[in-house]
Structures are given as C-alpha cells and as structure tokens.
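Following: one structure in structure tokens, then a few remarks.
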Amino acid sequence: RLQKLKEMFISKFGSAPKFYVRAPGRVNLIGEHIDYCGYAVLPMAIEQDILIAVEPVKTQVVHLANTNSLYLDFSTSVNNIQINKTKPQWHNYFLCGLKGIQEHFGLNNPTGMNCLLDGTIPPSSGLSSSSALVCCAGLVTLTANGKTLSKVELAEICTKSERYIGTEGGGMDQSISFLAEEGTAKLIKFNPLRATDVRLPSGAAFVIANSCVEMNKAATSHYNIRVMECRLATKLLSKSKGLDWEKMLRLHDVQTKLGVSLEEMLTIVEEVLHPEPYSAEEICKCLGISLEELRSQILSQNTQDVSTFKLYQRAKHVYSEAARVLEFKKICSEAPANALQLLGELMNQSYISCREMYECSCPELDRLVDICLQFGAIGSRLTGAGWGGCTVSMVPTDKLNAFLKDVKKAYYQSDVQRLALEKNSLFATKPGRGALVFVEA
C-alpha cells in the first residue's frame, strides 16, 4: 500500500514524499456518548486507517489530494486557514489538525506541504474516520514543521481543533487514535487524559458491521443537541442540589461535587428531573434566567432554535452507561468463567439505553443488531455517534465464520446498495496500534 501511495504521489506532484503518517479508526466497545460528559470510555483502535504521504515544500501552500476520486483536490495558503462549518468536506478535517498545531506553537510561517491521502475507514460509519483525519493532519503538520509533542498533548490539541468544524466531541476518538497499542483495548479517562490497558477475554472476536446508513456528525445537529441536553441536565441537577450551577458543564462534575456513586446519581435524576420533555421556557424558569441568556450563555450556535429538550432520558443514559464501562473493565480484569456472557449482557444493555434513552439508533441499526444476535453474537450494540454507522458484536471465535456468512446473507445480500459496500462493511477486528510516522528511507 505504501509503495502504491508513493507511486501515485510521484505522478501527482512530480517528486517523492519525504515521510508518511498513519492514524487508525476506532471502535468503541462500550461507553457511548459519555466522553463529552466527562466519563471514561472503552475503545480500541482498528486496523483500518488514514495514511498520508507528505512532502514539505518551500512555498506557503498546502496542496491536498486524495486517492479516492470522489474527494476533490484542494489548495490553500497556510497563513489563511478558513474552515467551512456549513458544509463540512474532507479537506476541512485536515485543516482542523493543521490549524490546531499552528495555533499551539504560534507558527507565523508554517511550512507548505504536498499531501496525498489514502483511507481504508468507511466514511460516516461511526468508526471515526473524521477524527483519524484530524489526528493524521496534526501529526503531519507537527512533523513537517520539525516540532515534537507527547501523544497525550497531541490527542488534547486534536480534540480541541476538531471543534473548528462545529463538532462538540469529548476526546475519545483522538485519544485512542494516538494512545492505542496493539493487542489491547483501553480504558480512557479524561481531565487529565490517561489510558489503561484492558485485556479482552480470549474465545471471542469483535465484529464490525456497517448499516450502510451514513451519519456525518458535523453536518447534523442531532449530536450537538445531545451535548446540550446533557449540559442543561447538569445545570438543573446542580441547581436543585444547591451547587454553583453556572460553573457546572458536565454530568460528571455533578457527581464529583456531590461525592456520590453513579447509582446514587441515578436516584437523584429520578427525584429531580421529569421524563416529559422540557421546553426552553421551563428551563429558563428553573434556572431563573431569560431566553436570551439561555441562548447566548449555554446553548451552542447550532442548537439555538431547539424548542424542547429531553433531560431525564439523557442523564439516565449517561450515568448508567458510565457504570457499565467500569463493570466491563472489572470483568475483563477479573476474568470469571462466564466473562463473555457478562460482557455480552453489558453490550446489550448499552444498546437498549442508546436506543430508548438516548434515541441515537435508527431502523437499520436496530435490524442489524437483531440479525447479529440471531446468528450467534453474545452481545451487539451500535458504536460511534449512532443515527447510522456501525454495530459492534462479540462473537464466539468458533462461530465466527458461520456468523459472517449468515449476517452477510441476511443484511447485505437482500439489498443491491449494501451488497456493493459489503466488502468493507463486515469484518472481524483485533485491537490495533496508534498513530505513527514513517520516514522515507
């Protein structure tokens, strides 16, 4: 693949690349939509990745090209980075990583670059192709400008810089892209960022199946509405408990300040919040603020027009999912005889909560999870933001081949469009390694 990329680079730019950067996609085994609430998650890097061939150049221009002809070439001056939030295109994710590194070092005259990108992560599939591209671009810019940072610093800068495109993400995708190690999943905690190895039990494989429904986080408001609902739930819970609610941003902050367990937080949610949706007016009344203050001080740009918010359901999902992550890690560490059964149950509970409480599934994902469970998965759930994208299933190793065949037949062969995508849509994966730089020998 490197050789092929090098040949394409030479035919495109007329000279050879000086180095290559690779950043992997990821699958989140459990812990959906809780990283931006401050809670630990449990992802692993996958073998699919973004690979960029790079040649630093004397001019102050970045030329971006893609091996996939669907993605058009793009050039811009490195001193005038404009990121379009309204219609996010592939090159804007590269520009996020570039801008993040530039701003971190205050680079006045960053080096220009010729870059050719090749990706094997199915786009908009919930396997983090966009974050892998931001991370890859950050590492490309760092290397081309002769700077160094630790993996943790890189992950934190890339998390912040992906927000230039309007996604209020929490940092899981960027962290696993840099901190992943072959053969192990990671429990990733935030503030400060740290990662612990989680050895997955033997006897089962993790299978990714793409629903073939694309979901672009930056192009839809579903994702950011959930972030805001969690933020509003944080404020109402804080106010009811006499905390300084104006300073509280994440559901984790409430638990920390109150010094209680996740189970106790679930009880507090039951006591304080009602299951019916809250109107913007009711939220203002609860907090004692005006609609203008709600919009200007709490809501993000693209959630200003939302009129109702489900706070009870979102908070219940977050606190119960955070508890499932810790339980999943505990089972992996203690490795009881029925570990696979217990982990499968946690994955299934996570999926039900995503579907019912967080409402981030879709009919195709529901169907795919049903099919996977029907054909022998011990646990199956959506992974990534949801509303499309992929499922991840835990399948006993001895049933793997039959499982792949059955799912292929039941989900992909019944639909021409899915069948065309099937080759990259259904695969078993092992925990892969994190981002790397290769230098041309």
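Legend: translational diffusion of the range 44-86 by Stokes-Einstein, Rh = Kirkwood radius over C-alpha pairs, 25 °C, 0.890 mPa s; D = 188 µm²/s.
Across Thr141, Thr383, Thr120, mean-square fluctuation computed from a Gaussian network of the chain (C-alpha pairs under 10 Å connected) peaks at Thr120.
Secondary-structure-derived ellipticity at 222 nm for the chain, considering helices only, amounts to -12500 deg cm²/dmol, per-run term -39500 (n - 2.57) for DSSP H runs with n ≥ 4. Comparing Cα centroids, the range 236-267 and the range 1-77 end up 39 angstrom apart. Can you check what the Kirkwood hydrodynamic radius comes to for the range 86-151, Cα pairs only, in Å to one decimal? Kirkwood radius, the range 86-151: 12.7 Å. Scattering from the C-alpha atoms of the range 158-214 alone, worked out with Debye: what is log10 I(q)/I(0) at q = 0.13 1/Å? Each listed q maps to, in turn, -0.49. The shape of the range 304-441 comes out rounded: with a ≥ b ≥ c from the C-alpha gyration tensor, a/c is under 1.5.
Heavy-atom accessible area for Tyr93, with the other protein chains in place and a 1.4 Å probe, reaches approximately 20 Å².
For the range 116-203, the list of trypsin sites (Lys or Arg not before Pro) that fall in a loop by DSSP and count at most 13 other C-beta atoms within 10 angstrom reads Lys147, Arg199.
Dividing the radius of gyration of the alpha carbons in the range 218-309 by their Kirkwood radius gives 0.96 for Rg/Rh. Comparing mean-square fluctuations of Ala65, Ala335, Ala144 from a GNM of the chain with C-alpha springs under 10 Å, the top value falls on Ala335.
In the range 113-187, inverting the average of 1/r over every pair of distinct C-alpha atoms gives 13.2 Å as the Kirkwood radius. Shape verdict for the range 1-119, please, from the Cα gyration tensor: rounded (a/c under 1.5), prolate (a/b greater than b/c) or oblate. Here the range 1-119 falls in the oblate category.
Compute the separation of the alpha-carbon centres of the range 276-350 and the range 158-213 and state it in Å as a whole number. Measuring centre to centre over Cα atoms gives 19 Å. Summing Cβ point charges (Lys, Arg +1; Asp, Glu -1) relative to the Cα centre of the range 61-207 gives a dipole of roughly 260 debye.
What figure in square angstrom, to the nearest 10, would you give for the accessible area of Ile10 with a 1.4 Å probe? Probe radius 1.4 Å; accessible area of Ile10 about 70 Å². Exceedance of the 20 Å cut-off in Cα-Cα distance is limited, within the set Lys18/Lys58; Lys6/Lys85; Lys241/Lys285; Lys160/Lys189; Lys160/Lys329, to Lys6/Lys85; Lys160/Lys329.
A 1.4 Å probe, protein heavy atoms only, puts the accessible area of Leu436 near 50 Å². With every protein chain in place and a 1.4 angstrom probe, the accessible-area ranking of Ile81, Ile165, largest first, reads Ile81, Ile165. Sorted largest first by accessible area at a 1.4 angstrom probe radius, with every protein chain in place, the residues Ser333, Ser238, Ser290 fall in the order Ser333, Ser290, Ser238.
One way to sum up the overall shape of the range 282-365 is the equivalent ellipsoid from its Cα gyration tensor, whose semi-axes run 37, 15, 10 Å, largest first.
When all alpha carbon pairs of the range 94-243 are counted in 10 Å bins from zero, the resulting P(r) reads 10, 31, 35, 19, 5, 0 %. Here's the picture: charge each Lys and Arg Cβ at +1 and each Asp and Glu Cβ at -1 in the range 273-410, and of Ser279, Leu299, Leu404 the one pushed furthest to the positive end of that dipole is Leu404. Both radii were evaluated on the Cα set of the range 364-441; the Rg over Rh quotient, with Rh as the Kirkwood radius, amounts to 1.07.
The trypsin sites (Lys or Arg not before Pro) of the range 344-441 meeting both criteria, a DSSP state outside H, G, I, E and B (loop) and at most 16 other C-beta atoms within 10 angstrom of the site's C-beta, are Arg433. When the P(r) is computed for the chain, the part past 41 Å accounts for 17% of the Cα-Cα pairs. Choose one answer from Glu246, Glu292, Glu356: the residue with the largest mean-square fluctuation in a GNM of the chain with alpha-carbon springs under 10 Å. The residue that fluctuates most here is Glu292. Can you spot the lysines whose alpha carbon is less than 26 Å from Lys409's alpha carbon? Ignore those fewer than 8 places along the same chain. Excluding near neighbours in sequence, the set is Lys399, Lys423, Lys430. Beta bridges assigned by DSSP with both partners in the chain are antiparallel in approximately 90 percent of cases.
The values are calculated or read from the model by the stated rules, or taken from the named source; none is laboratory data. It should be emphasised that the depicted structure is a prediction, and the values quoted were computed from it without experimental measurement. Methodologically, a virtual Cβ is constructed for each residue, glycine included, from the backbone with ideal geometry; neighbour enumeration extends over all protein chains shown. The protein model used for the area step is the full one, side chains on, heavy atoms only, and it has no ligands, DNA or RNA in it. Shrake-Rupley method; radii C 1.70, N 1.55, O 1.52, S 1.80 Å.
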